[in-house]
């Protein structure tokens, strides 16, 4: 019942009818690639994950990782494609990174509890299907270049990250903290680590790669 309500709320948030949901969630983006072969670890997220694969393809290929990021997406959109882009690939583990576009209100009003419920649903679906779960922080952000009217971005990011950590710890889910080493004293992205205050540069991705590789190695070793 709870999962059904999550999907219902997601449809309502997009403001689309059921027949339009495939287009809204962009289910076709990875359909052909998903059919090729499963990988060891899936990284799922938004443009930050999508851009990571483009900026550092060797990081993914050399480690047998697969990137499943789609620009602009929010947590309910990830939840709706989670079966296709994660579960059906039968990976050993999944790294979930999402939330910044929820705060940016890309698909409607930002409700932290709703965003968190989508993250929880993805984690629990993965665990139910025998996939190890790795959660991660939302990256630092001071403002959105495309939504400058949204205020207190860094505080909202910190609050969501606190919710993710509070959920991960009692569940025993590993938790990657990208935010701390990439933030400045105001909670925004450090100079030189981002192209626009939200999306990482190559140097930003290098920090993420070290942290992600260390955590994945720990998780899949046991």
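With a 10 Å radius around each residue's Cβ, average the other Cβ atoms per peptide and rank 114-120, 42-48, highest first.
42-48, 114-120
Taking 0.36 nm per residue of separation and subtracting the Cα-Cα distance, what length does fully extending residue 146 through residue 166 add?
Difference between extended and current length: 4.2 nm.
Full-extension gain between residue 109 and residue 83, please, as 0.36 nm times their residue separation minus the C-alpha to C-alpha distance. List each step's numbers first, then the result.
Values: separation 26, 0.36 × 26 = 9.36 nm, distance 2.51 nm.
Length gained between residue 109 and residue 83: 6.9 nm.
Values in this text are rule-based calculations from the coordinates and carry no lab data. No experiment lies behind these values; they were computed from the predicted model shown. As a convention, Cβ positions derive from the backbone with ideal geometry for all residues, glycine included, and neighbour counts pool all protein chains shown.
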